[in-house]
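Step one of this worksheet: look at the structure below.
Laboratory data are not the source of any read-out in this text; all were calculated from the coordinates shown. None of these values were measured; they are calculated from a predicted model.
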Amino acid sequence: MNTRTENADGSTEVPPPAEVDALRTEIDQLDADILRLVKRRVEVSRTIGAARMAAGGTRIVYNREMDVLARYRELGPEGRQLAMALLNLGRGRLGR
C-alpha cells in the first residue's frame, strides 16, 4: 500500500508501515465511536419524533431537517448523503 500524506508546502511523504498500522488502529477506534454516536442519535431522534406525534404534531419537521442538511454541507455532496442517511435512520419505518 502506498499511503501518502501531503505537507503544507504540497510535497508528499509516505509514512512508515508502523505509522500506517497505528493510523488504521485509530480509524478502527473512530469507527467504533462514530457507530456509538449514530446509534445514540437515532435513539434521541426517534424519542423526539414519538413525543411530537403523541402531542398531535408531525413526526418530521422539514425545517429542522434542512438545518441538519446545511450542517453537513461543508463535506460536499457526500456530506448531504451522510446527513440524509442519518435523517432516514432517525425517522425509522414511519418516516420514509
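Helix 77-91 and the longest principal axis of the Cα set of the chain meet at an angle near 40°.
Look at the alpha carbon pairs under 8 Å that are at least 6 residues apart: their mean separation over the length of the range 20-91 gives a relative contact order of 36 percent. For the chain, the longest principal axis of the Cα atoms and the long axis of helix 62-71 meet at an angle of about 10 degrees. Out of (i) 16.3, 47; (ii) 19.1, 59; (iii) 12.3, 34, which label holds the value of Rg and Dmax of the Cα atoms in Å that was computed here? Of the listed options (i) 16.3, 47; (ii) 19.1, 59; (iii) 12.3, 34, (ii) comes from this structure.
What is the helix-to-structure angle for 17-54, meaning the angle in degrees between its Cα long axis and the longest Cα principal axis of the chain, kept from 0 to 90 and rounded to the nearest 10? On a 0 to 90 degree scale, this one is about 10.
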